Each structure stands twice: as structure tokens, then as C-alpha cells.
1. Relative contact order of the stretch 62-203, please, whole-number percent, based on alpha carbon pairs below 8 angstrom and at least 6 residues apart.
2. List 64, 194 from most exposed to least, where exposure is judged by having the fewest other Cβ atoms within 10 Å.
3. How do 182-189, 119-126 rank on mean C-beta neighbours within 10 Å, highest first?
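Only the coordinates and a few stated rules stand behind these numbers; no lab work does. Everything numeric in this text was worked out from a predicted model, so none of it was measured. Because the Cβ atoms are built from the backbone with ideal geometry, glycine has one as well, and the counts that use them run over all protein chains shown.
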């Protein structure tokens, strides 16, 4: 009996798994890269938002400082008859003590108040705007430095004929953030964070 023995070689079957793994790895790499880019962008945006909020907070503090300073100056002027609070006029002249001449007149009936018109502030023309000393916001021991001091305007309210002894004053202030540069020679409108506040005083 003759037996024919034949040997068979098993040929390796090429697997496509390697190609699939490579594609999955590339897709994962792309996804990770996109997530990293989004994270960096969000972090940058958050930093910008936080910086803007911080500047607005500091501008609000400057406006509050100006409001209190000018309220105290007005009270001192009415009660004492002579002011002791120093300011600077928009033309650059020093005001060693607040006087009645520095108080803006009351608006005519139906007229717009001087204090609410921004062009009355952003000019060297004296419309009643008062510039505070820079030392009122740049305090010793505070790291934040302001380049532009806050401003205010003290204006008489509409006179009350029935109670002529009553002094009614409107105090308007505006403060700037530390990123706002010092005013130029023309006192053009500032660029940066800016906060306005207003109060009314009734003094007897």
C-alpha cells in the first residue's frame, strides 16, 4: 500500500486589525487636540472676562470715592459757607477750596441737566465738572494705580419756592478703571472702563 504524504504549509492571513487601530489612534489624537484647543480658548476667554470684571469693579470704587468726596464737599460748603475740599478744573486750574461758583446752576424748566450730557464732561470748557486729587484713589499700600482721577459735578436742583431755605443738590460722579490713560490736553472721551453714579442731597 502506497501512501502519498503531502505536507501543507499554513500561510499567515494578513489581518486588517493593524490598520483599524492606526485609524482609531489618529481619530483619538485629533479629538484630544481639539479638546485641548477648546480648553485653552476657554481659559483665555475666562481670563479676559475676569480682567474686565476687575477693571469695572475698580472703576466703580473710584466713582463711589468721588461721590462721597463731592457729597462731603457740598455739605461742608453749605454748612460752613466756605469749602475746604480741593479740586482741579477741566482747564487745569487748581481749586484750593470748593466755592459756590463751582456749583453748576440748576437746569431751566424742561431743559436737560448739564450733568447727564457727556460732552459737558469731555472738554476743557468749565461746565461745572470737578476733578478730584489723584491721591483719593491712589492710596498708600494699594498696588493698583490709577492714571486718571475720578470726576464729579455738583449741580443745584430745581428750586423749591415753597421751601426756599432747602438746598437740593444733585451729585454726579464718574470713575475710571486703572487701564484708562490720563486725560490728554483736550480731555477727549476716555477709552476703557467707566462707571457713573448719582445722588441727591437735601440740606437745610
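1. 27 percent
2. Numbers: 64 15, 194 19.
In order of increasing Cβ crowding within 10 Å: 64, 194.
3. The packing order, highest mean first, is 119-126, 182-189.
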